[in-house]
Every structure is written in structure tokens, then in C-alpha cells.
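Written out below as C-alpha cells is the structure these notes cover.
The values are calculated or read from the model by the stated rules, or taken from the named source; none is laboratory data. Small disclaimer: the values here were computed from a predicted structure and weren't measured. Glycine gets a Cβ as well: all are built from the backbone with ideal geometry, and neighbour counts include every protein chain shown.
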Amino acid sequence: MLRSYLRQRENLVTSASICVQHMQKALTEMNVQLANVISDITGVTGMAILRALVAGERNLHKLAQLKHKQIHATPAEIVQSLEGNWREELIFVLRQSLDLYDFHLAQIQECDRQIETHMQAMESKVDVSVHPMPPSRQGQKRRKHGPRFDVRQQLYRCTGVDLTRIDGLDVQTVQTVLSEVGVAMSHWPTESHFASWLGLCPDNRTSGGKVLQRRTRRVVNRAATALRMGAWNLIRSQSALGAKFRRLRARLGAPKAITAMAHQLARLLYRMLKFGTAYVDKGMEHYESKYRLQQMKWLHKQAAAFHLQLIPLQRGPE
């Protein structure tokens, strides 16, 4: 049931984004370059200007006064971006697209209420009053069209662990993964089986004892897609997972690094759900020092193979 609700919500978000594209196209055909001075036309300033336009307001200075205080563009720049031809048929298209956008937003809110009701009825694995939810990880941002209720608390109550503590995984990513795979990991004997089912493992196709290719299987899985998106979110993460992703990206390239990190995220998620253990980030410095020690061991091994000896340089006085 949760899977059906979330897929419907995803369809509604997609439909709302299409309406935004139609609004932007109508503005472009009217030669209104509002997007050049406002990064998001669906924000507070953009929606206020669009609603005033479809209501019949044509005074550019009055429209410019609707800007929010956080907008860096000056009223003069907004007035200049609004200079265009107010064709009646394009205003009609803009009005209908705006109405459809509002309709889809209302449908998303109704879907969120249904999801909240269903999640509250799901079985609890932990008593929140006895074992309160741990503090949220630093750097988590709320998505623009994210649910309006406390999804993180409901996920913690249903799973018994806070999966959002894993760097790269936000509440909506975890919610998508759990809606596709469930909270019981008994279907997969090991974490390797789980990662293979997601299509995040190399598929070594052999013929005559020779490996033909090692690329992953082509699996259409929403959970795997969500984990890949979570892996890409590690690009600027100041954590051990973020440091590993950046190293793999430099060595293997972005596509392979994303798959490799999605594989590790799947393993971490499996362990937390099956064994109820909490995730602890040891930090980027710990990972870098560990990687440096591994490199030193490899260098000593290579030197010994050539009957050589590594001698560290003595740093002189500074």
C-alpha cells in the first residue's frame, strides 16, 4: 500500500513539474524573462507575480514590488525582465497551467495525508516514548515538495533505527527504498543477496572460462535508483562515505563510483534493518588516515617484492 501511495505521489510531482514547464514556455513566448532574475518562478516572488499577471495586473512597477526581501534582484531589474507582449492567448495558457499546478499541489497534499494515515497504522518496532529518536544529522535539507508531516519519526518508529543517519540518505530516499523492499530483510539471506537483487553487483558473464564483461545487470528498480541518487548526494559530504565517493569518482569515473557507493549504502541499510545497529560516521579524517595506511602497506609490499626498502624522509627545521 505504501508503495502505491508513493508512486502516485511521484506521478503527481512529475505532473506539477510539467505544468511549471508550460508556464515557463508561455512566459518565454511573451518575451518575459522573469527566470533570468528569479531562480525559481514557483517561489514566493514568482508565484505572486504570476497570480497578479493572470488577475489582470499590467503595471510592471507594482509587479516588481511583490518581490520577497530575500530576492537579490532590484525592482528595476525585475521591471526590465517583465517587459514583453501581453498576448491574450498566452495569458490564457499561463492561467490554465497555473490552475493545473495548484490542482496538482492540492492532490499532493491529499496524498501526503493518506501516506501519514497509513504509516501511523504500521507496526511499531520501537517505543518512541521510551527510546526517543536520535538527533538529526547535520546538513539535511528539506525538499521543496517534500511531505509536510514528520516522516523521519514515522520511519524510526516502523524500523527501530534512524536510517537517515547514513550520509546521502534523506527521509524521502529512505521512504522510497522501504516502500519498495519493506522493513523485513528476511527475504535475503545476506547483504550480498540484497545488493544483487537491487542490481548493484557486477554481473560476471563468462564463456569458456573467460570473463566477457563485468557490468551490472540492467534492473529497473526504484529502490536502486533512489540509492544511486543518495550516492550522488555524497559529492560534497564531509564524511567517510563522502571521502570514499570522491576517491572512487577520481579513479573510476562518476557512473561506476555512483554504483559502487549505492552498493555500500544498500549494505549499510541492510545491516541496520536486520540487526538494529545504529550507524556511526567515523569522519572524513579517519577514512583518509586509514586509506593512507593502506597505501603505505601496499608500497612496503611492492618494495619488498623488488628487494628494496622504503626510508622515510627526515624533515628539516622550518
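When segment 1-33 is examined, which residues are found to be closer than 14 Å to Thr176 by Cβ and among the small types (Gly, Ala, Ser)?
Ser4
Surrounded by 14 or more Cβ atoms within 10 Å (Cβ to Cβ), aliphatic (A, V, I, L, M), under 24 Å from the mean Cα position of the chain (by Cα) and in the same structural domain as Glu10 (by TED's automatic domain parsing): is that true of Ile108 in this structure? Break it down stepwise before answering.
Values: surrounded by 14 or more Cβ atoms within 10 Å (Cβ to Cβ): yes; aliphatic (A, V, I, L, M): yes; under 24 Å from the mean Cα position of the chain (by Cα): yes; in the same structural domain as Glu10 (by TED's automatic domain parsing): yes.
Yes, satisfied.
Which of the residues that make up segment 152-175 are part of a helix (DSSP H, G or I) and more than 11 Å from the chain's Cα centre (by Cα)?
Across segment 152-175, the qualifying residues are Arg152, Gln153, Gln154, Leu155, Tyr156, Arg157, Cys158, Thr159, Leu163, Thr164, Arg165, Gln175.
Please work out if Glu77 is part of a helix (DSSP H, G or I) and in contact (Cβ under 8 Å) with a residue 40 or more places away in the chain.
The answer is yes for Glu77.
If only one of Arg87, Arg95, Arg113 is more than 24 Å from Leu50 (Cβ to Cβ) and not assigned by TED's automatic domain parsing to the domain that holds Val174, which one is it?
Exactly one residue qualifies, and that residue is Arg113.
Can you give me the number of residues within segment 37-53 that are touching a residue at least 12 places away in the same chain (Cβ under 8 Å), within 26 Å of the chain's Cα centre (by Cα) and not in a loop (DSSP other than H, G, I, E, B)?
3
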